[in-house]
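The structure under discussion appears below in the form of structure tokens.
What follows draws every value from the coordinates through simple rules; no lab data is involved. Note that the structure is predicted; figures quoted are calculated from it, not measured. Backbone-built Cβ (ideal geometry, glycine too); neighbour counts: all protein chains shown.
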Amino acid sequence: MEIDLGANAFGIDFHPSQNLVAAGLIDGHLHLYRYDSDSSLVRERKVRAHKESCRAVRFIDDGQRVVTASADCSILATDVETGTSVAHLENAHEDAINTLINVTETTIASGDDNGCVKVWDTRQRSCSHEFNAHEDYISDMTFASDSMKLVATSGDGTLSVCNLRTSKLQSQSEFSEDELLSVVIMKNGRKVISGTQNGNLLLYSWGFFKDCSDRFVDLSPNSVDTLLKLDEDRVITGCDNGILSLVGILPNRIIQPIGAHDFPIEDLALSHDNKFLASTAHDSMLKLWNLEEILQGSNGNSGNASGAAGDSDSDNDGMDLDNDLPKSSKGTNRKTKSKSNTLDSTNNFFADL
């Protein structure tokens, strides 16, 4: 299934229980589409959410609301059933917001173009944490729920680990000499995988973040713009050549191609039942791929490991180390301040309209 959105979509997300997918567009609109296995995508709602591009979208509150983040520095919560604005924070960040993720049932995190990460408590309607670990845009984030740690990647070529229990930056990688564009946690929390601009996948062992423990180079030279975790051993990659691929991690291998767009991939999402994969690219198309059909028969395809070593290394993966933050390889001091519950009037999220 596919549909022309009429404009490029920067962010997509599936409803947590219904056959509904949301897309945030470059023109500031939010689209909601209903889908079914036997029919095409049908648009249910179109909302003018932001003055500038809508860069990220996430369903919250069990799918009752959808939150969007924008280049206009604002965050908006919209009621899914009615399309009306529920809450609006006009100055959520000082810079354009680039990424947005769900953290817990009652918190979300946003990252902006200047390297700032904020965590928002949707019950208290306020910003609970702020981290300024990076010198360039936040490209992607993921969350380790068992340890309450937020992992972020940046265009400054580093990866950071922020501890939400202590409200401190716990660890930061050395400069990788390449932009880090995407990140997922795999292998039951033992490995962090980051996609880069030069097409390499960097594998970090949990607790050893200063430098990667492994590299997978078979996707190079196509930048890995987005990563989507399928399970603990497999990840779906979206590259700037428009190709979606299923990639195995430790042993590292390209298992099979999944699909393609004519232009670079922008975002990926997985439906609530893991049946459909959604993809957007710079071609204004939203495509839904039936993963059950595509992956049928691939489970037995072990393939040959290539580009890196097997499922073992010398790191003690169960440890939380790297407490001493590295100095910037760029020769400038990194800002590592964090704050909790030090809010002003602009951080009053979900204020009723």
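The GluC sites (Glu not before Pro) of region 77-185 meeting both criteria, a DSSP state outside H, G, I, E and B (loop) and at most 16 other C-beta atoms within 10 angstrom of the site's C-beta, are Glu81, Glu90, Glu94, Glu105, Glu174, Glu177.
Gyration tensor analysis over the Cα atoms of region 240-302 returns equivalent ellipsoid semi-axes of 21, 15, 9 Å (largest first, whole Å).
Cα-Cα over 22 Å: which of Lys149/Lys187; Lys118/Lys275; Lys51/Lys168; Lys187/Lys287; Lys191/Lys229; Lys118/Lys191?
Lys118/Lys275; Lys51/Lys168; Lys187/Lys287; Lys118/Lys191
Spin-label model, Arg34/Glu52: points 7 Å from Cα along the beta carbon direction are separated by 3.6 nm. Taking Cβ atoms as reference points and 15 Å as the exclusive limit, the residues near Met285 contribute a net charge of -4, counting Lys and Arg as +1 and Asp and Glu as -1. What is the list of residues in region 219-238 whose amide nitrogen lies under 19 Å from a point 7 angstrom out from the Cα of Asn274, following Cα to Cβ? Correct set: 227-237. Using 0.36 nm per residue and subtracting the Cα-Cα separation, the extra length available between Asp4 and Asn19 on full extension is 3.5 nm. Its Kirkwood hydrodynamic radius, worked out from the mean inverse distance over all distinct Cα pairs, puts region 68-201 at 15.2 Å.
Taking trypsin sites (Lys or Arg not before Pro) across region 1-106, the ones in a DSSP loop with at most 15 further Cβ atoms lying within 10 angstrom of their Cβ are Lys51. Orientation-averaged projection of region 158-271 equals 7.4 nm² [convex hull of Cα atoms, one quarter of hull surface area]. Relative contact order of region 1-149, taken over Cα pairs closer than 8 Å and 6 or more residues apart, is 13 percent.
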